[in-house]
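Reviewing the structure listed below.
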Amino acid sequence: MKDARIDRRLFLRGIGGVTAGVAAATALSACGTGTSRASAGGGKGGKTVVVRDSGGSYGAALQKAIYTPFTQETGIAVKVLNLDDAPLLAQIQQGRPQCDLINNSMMSHTKYVKQDALEALDLDRVKSVKSAKIPEAQITDHAVSNSFYGACMAYRTDAFGGKKPESWADFWDIKAFQGGRSMCNPDGDLPELEFALLADGVPIDKLYPLDVDRAFKVLTRLRGDIKKFWDSGPLPGVLLSRQEVTMSTVWDGRIADLQKQGVPVERQLNGMRRQFQGYAIAKGAANIDAAYQLMDFSLRAESQAALAKAFPSNPSSPLAYAKLTEDERNALAGAPKYYDKGFDTDIDWWLKNESAVTKRWLEWARG
C-alpha cells in the first residue's frame, strides 16, 4: 500500500529525471494509465474530472470524504490516477496530461512550476479559499494547500520511569532518556537538520537559513545511539513496538494507530516540522472547469474536516477544526492548542539545498 508521504518523498529526491520519464509516459499512454479508479455512480451527462493522488489509505479516504460527495453534488464523475511524478511531468510537457487536478506536496508543486507544468490559478474560481480562510502562506499563484503532515517525536511511555521528553534536547539526552533512537533517512523524508538545531538551542523562529555545519555536528553526537534510519512511515512504530528504540522521529498520524494496538507510546509535538499538501491544475488540462470545481469542493472547511475524520490529515483551514468534535480535533497535530508548537518547512531553502544536504547526509550516515 502506498503512503502519501512516501510518494511525495520519491518525487522530492529527484525531479530532474523528466526526460527519463518520457518513455514511461509514452508506455502508459499506450496501455491506459498507471493505477486508476472511477468515482462510484459516474457523472451525469458524461462530465468527468481526472485527479492524481498517491493512493493507499490516503486515496481511500479522499474517495470517501471528497470524490464521492463531489460526484453526488455536481454529477461530475471523478477518475483517479495514481501516477508517479516523472511520467506525469513528461505527459504535461508533451502537451497531453492524463490528469486535470494534481494532489501533491506544495514543495512538489513548486518544482512543477519550475518545469512550466501547472496552470496559473484564477482564484476567483475557487471561492472556498476565502470562505475556508486558507492562510495566505499556503496560497501560491499555482497551488493551494488543503492539509499538512507533521514530523515529530514519538516515545515509549514505559521507558523513562515516568519522565516525559519535552523537547528535541531531550531526544538528544541519552543519559536522562536512555535507549536507542531512530531517525529518518532521505528516502523517508527531508533530512532532519531542523531537529538537531532545535536540540542545540536554536530558537524555532530562527531556524532558517539552516546552519548545516552546526546541524551535522549535533547529529554526530547522537550517531552512535541511532539504531536504525527509517525509510517508510510504519517503521518507527515497528521499532517502538519491538522496544528496539525508546524514541523515534515519526509522522504524527502514525501514533494513533500504535495506541489503538495497545503500544505504550505518545507523541511530543514541540518542534514539529510541518509540510503542506495541496491542489494544482495540470498545464493543458482537458477538463479545466471540472478541475476548478473539484478543487473548490475539496478546499471547503467541511470537506477538509470530513477528510480529517477519514484520515489523520491536518486541515489547512482553521475553520475545519471547529467542525470536529473535541476528541477528533485534539487528535490532530493541527489543532489550535498544538499549532504554535511547530514550524513550517522553508520550501525555498530546501529546494536550493536538498541535493547537497542529502549527499552530505549519505556520506555522514556511512560514517
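The values are calculated or read from the model by the stated rules, or taken from the named source; none is laboratory data. Just so you know, these numbers come straight off a predicted model, no measurement behind them. In this analysis, Cβ positions are derived from the backbone assuming ideal geometry, glycine residues included, and neighbour counts consider all displayed protein chains. Note: areas computed on protein heavy atoms with side chains; ligands, DNA, RNA excluded. Shrake-Rupley method; radii C 1.70, N 1.55, O 1.52, S 1.80 Å.
State the answer as a single residue: which of Pro186, Leu269, Ile102 lies farthest towards the positive end of the charge dipole of the chain, with beta carbon charges of +1 for Lys and Arg and -1 for Asp and Glu, about the Cα centre.
Pro186
Among Pro135, Leu239, Pro203, whose Cα sits farthest toward the positive end of the charge dipole of the chain (+1 at Cβ of Lys/Arg, -1 at Cβ of Asp/Glu, about the Cα centre)?
Value: Leu239.
Using the Cα centre as the reference, give the magnitude of the dipole from point charges on the C-beta atoms of the chain (Lys, Arg: +1; Asp, Glu: -1; all else neutral), rounded to the nearest 20 debye. Present the calculation step by step, with values, prior to reporting the outcome.
Values: 47 positive and 43 negative charges, 119 e Å.
Value, rounded to 20: 580 debye.
At a 1.4 Å probe, what is the % contribution of carbon and sulfur to the accessible area of the chain? Kindly include the intermediate steps, with their values, before the conclusion.
Values: 7590 of 15310 Å².
Carbon plus sulfur share of accessible area: 50 percent.
With the chain treated as a Gaussian network of Cα nodes joined by springs under 10 Å, which of Arg273, Arg181, Arg242 yields the largest mean-square fluctuation?
Ranking Arg273, Arg181, Arg242 by mean-square fluctuation puts Arg242 first.
Based solely on its DSSP helices, what 222 nm [θ] is calculated for the chain when runs of n ≥ 4 H residues each add -39,500 (n - 2.57) and the sum is averaged over all residues, nearest 500 deg cm²/dmol?
Working: 17 runs with 147 residues, N = 367.
The helix contribution divided over the chain gives -11000 deg cm²/dmol.
In sequence order, what are the phi-derived ³J(HN,Hα) couplings for the range 100-111 according to the Karplus relation 6.51 cos²θ - 1.76 cosθ + 1.60 with θ = phi - 60°, rounded to whole Hz, with x for glycine and proline?
9, 10, 10, 9, 7, 5, 5, 5, 5, 4, 4, 5
Take the alpha carbon atoms of the range 86-126, find their center, do the same for the range 317-344, and report the distance between the two centers in whole angstrom.
Computed from Cα coordinates, the inter-centre distance equals 29 Å.
If you filter the range 42-145 for chymotrypsin sites (Phe, Trp or Tyr not before Pro), then keep DSSP loop positions with at most 15 other Cβ within 10 Å, what is left?
On the way: sites: Tyr58, Tyr67, Phe70, Tyr112; in loops: none.
Listed in order of number, the matching sites amount to none.
Answer with a single label: of [x] 70, 41, 37; [y] 67, 46, 36; [z] 81, 47, 40, which was calculated as Cα extents along the principal axes in Å from the structure in view?
From the options [x] 70, 41, 37; [y] 67, 46, 36; [z] 81, 47, 40, the structure gives [y].
Of Lys217/Lys337; Lys309/Lys359; Lys133/Lys260; Lys309/Lys341; Lys206/Lys337; Lys283/Lys341, which ones are farther than 30 Å apart at the Cα?
As for pairs spanning more than 30 Å Cα to Cα, those are Lys217/Lys337; Lys309/Lys359; Lys133/Lys260; Lys283/Lys341.
What number, in percent, do you get for the relative contact order of the chain if the mean sequence gap of Cα pairs under 8 Å and at least 6 apart is divided by its residue count? Present the calculation step by step, with values, prior to reporting the outcome.
Details: 674 pairs, mean separation 88.7, N = 367.
Result for the chain is 24 percent.
Given DSSP loops and a limit of at most 15 other Cβ atoms within 10 Å, what is the longest stretch of the chain that contains no such GluC sites (Glu not before Pro)? All intermediate terms of the calculation are to be shown ahead of the outcome.
Numbers: sites that count: Glu166, Glu244.
Looking at the chain, 1-165 is the longest stretch - no exposed GluC sites (Glu not before Pro) with at most 15 other Cβ atoms within 10 Å.
How much space per residue, in cubic angstrom, does the convex hull of the C-alpha atoms of the range 291-338 take up?
Values: hull volume 3.0 nm³, N = 48.
Cα-based convex hull of the range 291-338, divided per residue, equals 63 Å³.
Per residue, how much accessible surface does the chain expose to a 1.4 Å probe? Answer in Å², no decimals. Please list the in-between numbers first.
On the way: 15310 Å² over 367 residues.
That works out to 42 Å² for each residue.
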